Number of protein chains: 2
Amino acid sequence: MKNKIKVVLVQMNSKLGDIKQNFDKIKRQIEKFKKKKPNIIVFPELSLIGFCPDLLNYHPYPDFYKTCCFYMSKICKLSNKDTIVVVGHFFKVRNKFYNVLSCFQSKKLLTRFLKDDFQSNNSKKNINHFYKRYESILIINGYRISFLIGEDIFSREKIYNEKKKKIDLLFLICSFPYSFRKNRVSDNFLKKMSTEMKIRIVYLNSVGGQDELIFEGNSRYFDQVGRSFCLIPYFLEKSCFFTIDRNSISFKEQFSHHRSKISRLYDALVLSTRDYVNKNHFLGIVIGLSGGIDSALSLSIAIDAIGKESVKAIMMPSINTSQESIEDAKKQCELVGTTLEVISIQKIFGQFSCQLKKMFKSLKCVVLENLQARCRAVFLMGISNQNRYLLLSTSNRSELYTGYTTIYGDMSGGFAPLKDIPKTIVFSLSKYRNTINKVIPENIILKKPTSELRKKGFDEDDLPKYSLLDEILFYYIDKKYSIQKILSKIPLKNESILEVIKLFHSNEFKRKQSPIGPILFSNKTTFEKTYPVNHTSFLSSFLK
Amino acid sequence: MKNKIKVVLVQMNSKLGDIKQNFDKIKRQIEKFKKKKPNIIVFPELSLIGFCPDLLNYHPYPDFYKTCCFYMSKICKLSNKDTIVVVGHFFKVRNKFYNVLSCFQSKKLLTRFLKDDFQSNNSKKNINHFYKRYESILIINGYRISFLIGEDIFSREKIYNEKKKKIDLLFLICSFPYSFRKNRVSDNFLKKMSTEMKIRIVYLNSVGGQDELIFEGNSRYFDQVGRSFCLIPYFLEKSCFFTIDRNSISFKEQFSHHRSKISRLYDALVLSTRDYVNKNHFLGIVIGLSGGIDSALSLSIAIDAIGKESVKAIMMPSINTSQESIEDAKKQCELVGTTLEVISIQKIFGQFSCQLKKMFKSLKCVVLENLQARCRAVFLMGISNQNRYLLLSTSNRSELYTGYTTIYGDMSGGFAPLKDIPKTIVFSLSKYRNTINKVIPENIILKKPTSELRKKGFDEDDLPKYSLLDEILFYYIDKKYSIQKILSKIPLKNESILEVIKLFHSNEFKRKQSPIGPILFSNKTTFEKTYPVNHTSFLSSFLK
């Protein structure tokens, strides 16, 4: 058995569906490392087409699959005798689509590895057919090597099968979305796997934002005695060359992967915003500032994502906007080194309400409040259309869950970075960001939140305190607690809690029309649940 | 064996989640027929909770299930010795939720029937457990009776099991959404089933709109020699008392179920709009007329749904609105007997563009076009908020698929009846509606469609002719044809077809924020597919 194996891992940021661009990236990496003659170069799960949780949506388009096959054959032709190229893509077996890794060398296909649990549309028959056709291990310099893809790494059956193969080195090739609350592939999990199986483990994860998902990277190596090495840091597209020896591993840079949870969340927001802008060919970001914390944090994310030169900040005061808010917004723009454009909506707002007053004797408070928010949206969308700038919506999760946001008003936008961030975490993120350098004025963080759509009043006059509100929402929506159980946990009256739950259900219609945003806090399936609109009636028996 | 069996079928319109209200309806029906002493009274699939395609979204809320159980026990107590009450609901077996029918008599549970294929979360173990516990047939007056629920009626295995039970009468208890293109439960299918099995079949279907679904009713009876009887018509909430004798059936009214496809589609739109308004407690409908056919048809649907007294029609001309359009809209309002409110947006539109011009030297055409549509939306939403009226969005499927609609402009609204109606069918529906009585002026149907957001120009200057456009969209989206295949079918150049496909993918971001509307034309899963935003890149190889 030879002693060394040279590996290149590519923590790649694929763009879903852009097969041509992904191919170009793969090609560049292969060429970049050609001279170093690695034994193997590995790309993440579905790297050629981009990871999509709902692959079945694509394969029916025959042209999409045709393009995928065309570029796979190009990758095959790129491979030489020195290096095995491993690329993830999807693959048709007997009219079903599978998530596979293909291994090429010397312009030939060596073998393929299959993800088993994919969309649970795998018939045993097809899988057996697949396994008969392809070798189940690769042997490089005497090392017996195998691959597991995505969720398969959690399957006892799959792990057991790997054990039987008596492998030395196992690659875990994944595209796991980042989640603030749950670390899907923890160090402990990988350490346990490597020591129990007495093998080396290379964990390669995708990186990058793709609509509501964000992949965090953080690719790692675990040796057979449980030592771990961070190969490529969080949230960076980067490749890494390293050499595995009998009992050691050598590589150029090592990174710490001990980062605070809140700093990773902030980085996730930045990368997901940047990728949304770039992958969708926007030329910049436009954002409306209110002087409040949500828009302040959004501005800071936007600037960290694409630079202040491409971010346009606008404040549109009405008669209800306080001087304090204008000052705070201006101060933030000074801190981050950008200019704040100020356009008053007062006149146009006045005309809208005047016209409406001709139709109705007196206008409801909610009409006047929403009018202001919508006048602002019309301006912002005008700028967005004119410049091909992405309008960021600044609504946060607490607002969307309670409907404390105006549809076609402040909810408007192509992307809502804070969509899944509870208000209490908006505060934590702002404080965290200020620890790097001060970008959000202290006063914005300290003052009581207010929508300033009417003369007086704060958010917490209409809603419970945000700390309690977020707790109720968390228990009810994320934890699925019964109302009785929530009552036992929260020092509030029955009615206040029911009021929040009622708000949650009766504002489903707004969420149905809300912009895309990264799902980082909620379980994705929780978030995507669709309820019937105005689904409060089942609460009636509790509301008595 | 006795000769007669008296049956009550309730083609019920349940409201999803409103267990209390559904219970009240069930109770009223039981009481209504008490004196007639039917042997059995049957309610549709999931009638107590309302049909939901995604039941798994509900059961995690412990309070929801608790309420369901509470009212099931109330229904049990309502049953007397004369009549078996059969109600659909969901039911927990070993921590999994199932779609079941419960049969009560004399305040006791007789048995339950289970839907097998539900959400495919049925473990065989649970099902066996279930079958051991409950009788698999009911016997009434010597008749052996069984039940199949929903999709189970298409299962060969289930049908085979029913055969083994040697039943005389089979109830098919369903909640199948209506679809324009596909009749899921055809007469032929039911006739074949009844003659092959030599049994009587009672098909009971739910009725009513529920967000994007609409159930059509059309409950029918098939005797063992294949004669069919329509018991309750399409799109009506109604109950029906009938007597089955050895070789005959007797009931009061018979209905024809031979209706044109287009008339059923129109009725589906009307009922789904009416139910959305009523089930969500709106007090009326507000709608912006443009003088074009989409808003004209929408107005006619709105008035047929809830009556002209509760519908407010508004026209908001700008400098680009022709006198012809204003006349056409006025004429329609005369025809339907309502008044048209006219508010000019010209001044406000001028102010918005003036402000924006201060920021940019010259405004792009698209900015000015969208501005007008958004000014209108601000007014309409003001009226909606003031009166608690539902704003109808008038965008049709062809517009949504090509992005030929303004987000936060004419796309705005709580409900979009035409969301899934191709433009060519918008014309057919309008012509059909006029055959009942004239409600849409001829000129609106005959003139060339135009958005009137700029000085001159028609829709078909920007897009292919609607007849071709709808064909391309149908082949690409619904039929999943390859581009090559579409080319062979459509007399257009490669580029024009690719342009349409590109528009489809690049406007995904608009559809992600589009209002709810009834899915009547597309396959529901087709419609709900989510693509990555601006997913056009895979076409790049074809665009060369």
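Per-structure values
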{"quantity": "Two-site label geometry, A:M197 and A:S248: point separation in nm, points 7 Å out along Cα→Cβ", "calculated": "2.6 nm"}
{"quantity": "For the protein assembly as shown, the spread of Cα positions along each principal axis, largest first, Å", "calculated": "89, 73, 69"}
{"quantity": "Sorted by Cβ neighbour density within 10 Å, fewest at the top, the residues A:T67, B:T195", "calculated": "B:T195, A:T67"}
{"quantity": "Rg/Rh for the stretch B:320-419, where both radii come from Cα atoms and Rh is the Kirkwood radius", "calculated": "0.99"}
{"quantity": "Segment B:H129-B:Q484, extension gain: residue separation times 0.36 nm, minus the distance between their alpha carbons", "calculated": "122.5 nm"}
{"quantity": "Kirkwood hydrodynamic radius (C-alpha pairs) into Stokes-Einstein, the stretch A:265-543, 37 °C and 0.692 mPa s, D in µm²/s", "calculated": "169 µm²/s"}
{"quantity": "Of A:H129, A:N99, A:F113, farthest towards positive along the dipole that unit charges on Lys, Arg, Asp, Glu beta carbons give the stretch A:62-190", "calculated": "A:H129"}
{"quantity": "Among beta bridges that DSSP assigns inside chain B, antiparallel share in %, nearest 5", "calculated": "60 percent"}
{"quantity": "C-alpha center-to-center spacing [the stretch B:454-513, the stretch A:385-441] in angstrom", "calculated": "35 Å"}
{"quantity": "Geometric extent, Cα atoms of chain A - Rg, Dmax (angstrom)", "calculated": "26.2, 90"}
{"quantity": "Cα-based equivalent ellipsoid, the stretch B:5-250: semi-axes from gyration tensor eigenvalues, Å", "calculated": "24, 20, 20"}
{"quantity": "FRET E, pair A:V366, A:R156, Förster distance 60 Å, beta-carbon r, rounded to 0.05", "calculated": "0.65"}
{"quantity": "Ascending list, in nanometres, of distances separating the A:K163 label from those of the other copies (7 Å, Cα toward Cβ)", "calculated": "4.7"}
{"quantity": "Estimated dipole of the protein assembly as shown in Debye, rounded to 20 [Cβ of Lys and Arg +1, of Asp and Glu -1, Cα centre]", "calculated": "3600 debye"}
{"quantity": "Across A:K20/A:K81; A:K81/A:K238; A:K27/A:K312; A:K510/B:K15; A:K74/A:K182, pairs whose alpha-carbon gap is larger than 28 Å", "calculated": "A:K27/A:K312; A:K74/A:K182"}
{"quantity": "Cβ-vector label at 7 Å, A:E324, separations to other copies in nm", "calculated": "5.8"}
{"quantity": "Label distances, nm, A:G337 versus same residue in remaining copies, Cβ-directed 7 Å point", "calculated": "7.0"}
{"quantity": "The stretch B:374-524: mean projected area of Cα convex hull, nm²", "calculated": "10.4 nm²"}
{"quantity": "For B:V270, A:V342, order by how many other beta-carbon atoms lie within 10 Å, fewest first", "calculated": "A:V342, B:V270"}
{"quantity": "For the stretch B:393-473: rounded, prolate or oblate by the Cα gyration tensor [a/c cutoff 1.5]", "calculated": "rounded"}
{"quantity": "Convex hull volume per residue in cubic angstrom - Cα atoms of the stretch B:263-352", "calculated": "107 Å³"}
{"quantity": "Charge-dipole axis of the protein assembly as shown as Lys and Arg at +1 and Asp and Glu at -1 on Cβ define it, positive-most pick from B:A302, B:I436, B:F241", "calculated": "B:F241"}
{"quantity": "Neighbour-count order for A:R246, A:R454, fewest beta carbons within 10 angstrom listed first", "calculated": "A:R246, A:R454"}
{"quantity": "Dipole magnitude of the stretch B:265-459, debye to nearest 20 (Cβ charges: Lys/Arg +1, Asp/Glu -1, about Cα centre)", "calculated": "660 debye"}
{"quantity": "Inter-label distance, nm, simple model (7 Å from Cα along the C-beta direction), A:E324/A:I139", "calculated": "7.5 nm"}
{"quantity": "Environment charge at A:I249 (Cβ cut-off 10 Å; Lys +1, Arg +1, Asp -1, Glu -1)", "calculated": "0"}
{"quantity": "Helix-only CD estimate at 222 nm, as mean residue ellipticity for chain B, using -39500 (n - 2.57) per DSSP H run (n ≥ 4)", "calculated": "-12000 deg cm²/dmol"}
{"quantity": "Span-like helix ranges in chain A, DSSP H, alpha carbon extent 27 angstrom or more, Kyte mean at least -1.0", "calculated": "A:365-387"}
{"quantity": "Calculated FRET efficiency for the pair A:S353/B:K358, C-beta based, R₀ 35 Å, to 0.05", "calculated": "0.90"}
{"quantity": "Most positive-pole-ward Cα, A:Q351, B:I84, A:P515, against dipole of the protein assembly as shown from beta carbon charges", "calculated": "B:I84"}
{"quantity": "Dmax and Rg, reported as Rg then Dmax, of the stretch B:155-299 (C-alpha, Å)", "calculated": "18.4, 62"}
{"quantity": "FRET efficiency for B:K431 and A:K163, using Cβ-Cβ distance with R0 set to 56 Å, rounded to 0.05", "calculated": "0.20"}
{"quantity": "Within the stretch B:5-250: Cβ-based charge dipole about Cα centre, in debye rounded to nearest 20 (Lys, Arg +1; Asp, Glu -1)", "calculated": "980 debye"}
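All of the numbers you see were taken from the coordinates with simple rules; none came from a lab. Here the structure is a predicted model, which means the values were calculated and not measured. Quick reminder, even Gly has a Cβ in these numbers, built from the backbone with ideal geometry, and neighbours come from all protein chains shown.
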